[in-house]
Amino acid sequence: MITPRETHLLRAPTLRAFQHAIVDAVTGCIEASRPAAVLTPTRAAAGQLQRTLAAASVEHRRVALVTRSEWYEWLRGRHGSCPPLLTPVQRQVVGAAAAAEARAAGCIPPFRLRPGIVAALLAFYDQLRRRRRSVDAFERLLLDELEPSADLDRGARRLLLQTRFLVAAFRAYDRRIDTRRLVDEHRLRERLLAAEPLRKVSEIVVTVPDQVADAAGLYPADFDLLARLPRLERVTVIATDGVLDSGFRERLDDLLPGLAETRVRTDGGRPPAVVVPDSSADRPYFVWRDREEELRGIARRVRRGVTADGRAPAAAAVVVQRPLPYLYLAPSAFDAAALPVTPGDALPLAVEPYAAAVDLVLACAASGFGRGPTMELLRSPHFRFETDGPPPAAGAVRALDRALAEMRFSGGLDLLSGSAADWAAETETRRAAAGALRCVLALAGELRPLREPRPLAAQLETLRSFLQRHAAPLDTGEPGGRAGEGRALVWQGLEALEAANRSLDDAGREVDVVEVTSVVRRWIESRTRPAGAPVEGVHLIDVQAAVYGRFDDVFVAGLVETEWPGRTTRNVFYPAGLLAGLGWPRERDRLRASRAAFRDLLGLADKRVWLSTFVLEDDAVVAASPLLEDLDGFVAERVPAPDHDPAGAPGDRLGPPGDAGIGRRWRALRVGRTNGSRAGGARASGRAGRQPARAYTVSALERYAGCPFQYFASHALGLEVERASEQTMTPEQRGLFLHRVFESFFRDWQRAGRGAVTLATLDAALERFETAAEDALGALPPIDRAVARGWLLGSAASPGLAERVFVAEIERQTGVVERLLEYRIDGRFELGSPPARRTVAIRGVVDRIDLHADRTLRVIDYKASRPPDPSRALQLPVYARCAERQLRAERGEHFRVTEALYVAFGDPRLQVSVPGGDVAAAIAEGEARVVALVEAIEAGEYPPRPVDRLRCMTCSFPTVCRKENVEDA
């Protein structure tokens, strides 16, 4: 039996009238003592409504302010006899078991089943049921559409297989729910309609539109529940003119027939003014570089209002479509302005440091305890590994890292276990690392079961036990206990996952560490961490929450094309054309509602509205929102912003009001640079003042020539280059290895009284080189050894590097009487020609110098790959000139350079001389370039001026470079 009820529609012209209507409706429920619930789109929206009701002196605790999901839980509580709803974790387990059952029954999906797919499958099932479509109707409609073309169309055939799998999975899910007498949202709805509640529900106030107009709105099944719920006396729907006229009013006639419409009176106040950059601006919105600059600009504006007018920070709201990026940036942006922030949304659990620690444990197990994850695990502050005594010291961990790097260890417990016993008697590095290695092996033994196929519940228990056993003591001095709360949430989640799999997955599917990782990550990514204690600060909220709040100033931020209008989550299974027949909304209806909601938002503030967009997102250009194109017809009044200056006007502060001294000087420097640049003044970037003379290496001079700022970061600031862990030899390591092998050979060859390699001594040279090579190869890890052997010694198909080098020497027929290997240059040398001649201190090592019987010499530099660009290379000409003069000082003999060449092992030519073969001209040009470079260095000129813009893509110092000032070489 359907209880007769009143259905009312309150039509509000503006958002302020919309809020007044809600206040009046709640007040009426309280005065009449009617049990009531107010439906809001999100928990943040409910929080803003509480604040608005409190400002109107309404006791909001006497009514339930609930979201859609909370509304169902509220109704279940009033029925009393209904069992608890399934949790999301339990539903995921049931859904995974149902999908596996469908697959085992022969309905093979055209994709691999993963936790993310199972979550999407359940979401699609919910969407169908909420749109009042049964599984049978879904099957009939899709099969009728796809079967006729399946034989001719491969895409239709794939969709047909997918549909049959989904139907089988949905039915298996229904069977499991019904067999176990479990209750989800859809079974609860059936129970609510079938039985009267134990406690009366007098009124439901609906303040959200349908799901077409708002992603968090109500579905047809929800409106059906409102129309037929027993003992419900009154339904009140409140909406603005804009939302109703976008199509919601027509849909309401179908969803709730017989609505009695009442127009809400306006409050009589003036609409807020839109603040524009200046009075002559063509556009009524601010444009910033990126989100961070945008948020800092807003913080300065709010700070100015707080300081000048005495307004409370809580009187301002920053309204965004996608809160997460702004939640990350808000602490630094608003702390700099000494403003508290009240976030409307909680941060995802995935951003908690402990979530990353869990991922680290799983990565360690999945990689077979590879070097990178293992070192990070040992160094993690979230763990304390006391396996056979105190935790390994930091020095032991560093030694283990070096030892594993030397052996190119990429994973594999057997390799580590087999050599662990010998480490205490080997090199000093391995002896120092022995204790850390024992700890790693003990941890590996604990996590080894994760690498074996076992039931998911058992795998989760292993992971949880490891995390709890090795948890580091909490820092009791940490404010708010954030680390402890995050860790407790993760442990509770793992326990819930474990319990759900034990009780609901009767098949006990066996999974390995890859699927365990996917399940745990999926759960962490779906959870949020509760916000801390509320503070009265600037409100950072989304659009859905903003419409329920009262603010003097509203800053609508992030108005870019990719976010305004808001994007809906695309269905991963079917295109929009097929979904339209199942009741999915049309895109044009959703866009009409989005435009209407944006126009309503312009009237939300009591005083002013500020609109802003930005142009860069992750260094990519983004376009402004198309919603900004419609402003002319909806902005009643524009007022110019006082002293607007995006980079910081004289009244804007970059720090708290109490900052003094260094803060003011730093701010003056930054603002002065910006203003000077705008006024066309000289660029200040890249000048560090006069620098003292020093000794220079040739590689440092070449780095300056490539980019002066790279030289400054590396040699002046002393910043270290972070080197990535590689499983095989890096180009730098390969070059050092080649240097050692050829130096060892030529030293032995010369010690044996040999000179130049000739055709007669070629076989002996190759034999001696092979001995030297094998000695060096023995020190390489197995992963590099075979490749390097073929590279050096060759094979039946091609000659090795040694043979190529010796043949090239034979062809040149030079009478070498002595070879200087790794010859060290260190001294002060006169370089250049008058009037630019000067003394420069040069340090370096020449790979090889061949001295000939006729008092000439040849300078050779080894390159593991190809020779450098001759227009920028300095090594050969500088080394040649310095070697001439240093040998004259050391031996009292004059040697003349007749040849300078690169032995480039990666170049088909192998030996590459200076351009044109004119050694004297190359040396003179090189000297002149060195003098010019040294003059620039000592003048303190370090602009970011790469010789090639592509160099910026592989630069080691991108975080300290002012990229906006990069100059062309």
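In table form, for the structure just shown:
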{"quantity": "For the stretch 469-623, convex hull of alpha carbons as volume per residue, Å³", "calculated": "253 Å³"}
{"quantity": "Degrees separating the helix 782-793 axis from the principal Cα axis of the chain, which is the longest one", "calculated": "40 degrees"}
{"quantity": "Fully extended contour minus Cα-Cα distance, from residue 694 to residue 194, at 0.36 nm per residue", "calculated": "171.0 nm"}
{"quantity": "Ranked packing of 733-739, 460-466, most packed first, by mean Cβ within 10 Å", "calculated": "460-466, 733-739"}
{"quantity": "Semi-axis lengths (Å, descending) of the ellipsoid that matches the C-alpha gyration tensor of the chain", "calculated": "68, 40, 26"}
{"quantity": "Principal axis dimensions, the stretch 77-116 - Cα atoms, whole angstrom, descending", "calculated": "44, 20, 11"}
{"quantity": "Cα long-axis angle, helix 428-447 against the chain (0 to 90 degrees, to the nearest 10)", "calculated": "30 degrees"}
{"quantity": "Relative contact order computed over the chain (Cα-Cα under 8 Å; 6+ residues apart), in percent", "calculated": "13 percent"}
{"quantity": "Length added when fully stretched, residue 918-residue 27, from 0.36 nm per residue minus Cα-Cα", "calculated": "311.1 nm"}
{"quantity": "Protection proxy ranking, peptides 64-75, 549-560, average beta carbon neighbours within 10 Å, highest first", "calculated": "549-560, 64-75"}
{"quantity": "Dmax and Rg, reported as Rg then Dmax, of the stretch 87-190 (C-alpha, Å)", "calculated": "13.9, 44"}
{"quantity": "The stretch 553-638: C-alpha gyration tensor shape, a/c 1.5 cut-off, then a/b vs b/c", "calculated": "oblate"}
{"quantity": "Using alpha-carbon coordinates, inclination of helix 587-601 to the longest axis of the chain, degrees", "calculated": "80 degrees"}
{"quantity": "In nm, spacing of pseudo-spin labels at residue 509 and residue 836 (7 Å Cα→C-beta vector)", "calculated": "7.2 nm"}
{"quantity": "Dipole magnitude of the stretch 88-177 about its Cα centre (Cβ charges: Lys, Arg +1; Asp, Glu -1), debye to nearest 20", "calculated": "380 debye"}
{"quantity": "Theoretical FRET efficiency, 1/(1+(r/R0)^6), r = Cβ-Cβ of residue 855 and residue 750, R0 22 Å, to 0.05", "calculated": "0.75"}
{"quantity": "Ranked order, 224, 282 - accessible area, probe 1.4 Å, largest first", "calculated": "282, 224"}
{"quantity": "Contact order relative to length of the stretch 88-177, as percent, for alpha carbon pairs under 8 angstrom and 6 or more apart", "calculated": "44 percent"}
{"quantity": "Which of 760, 749, 815, positive extreme of dipole for the stretch 726-881 (C-beta unit charges)", "calculated": "815"}
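The values are calculated or read from the model by the stated rules, or taken from the named source; none is laboratory data. Quick caveat: nothing in here was measured; it's all calculated off a predicted structure. Quick reminder, even Gly has a Cβ in these numbers, built from the backbone with ideal geometry, and neighbours come from all protein chains shown. Remember, those area values only see protein heavy atoms, side chains included, never the ligands or the DNA or RNA. Shrake-Rupley method; radii C 1.70, N 1.55, O 1.52, S 1.80 Å.
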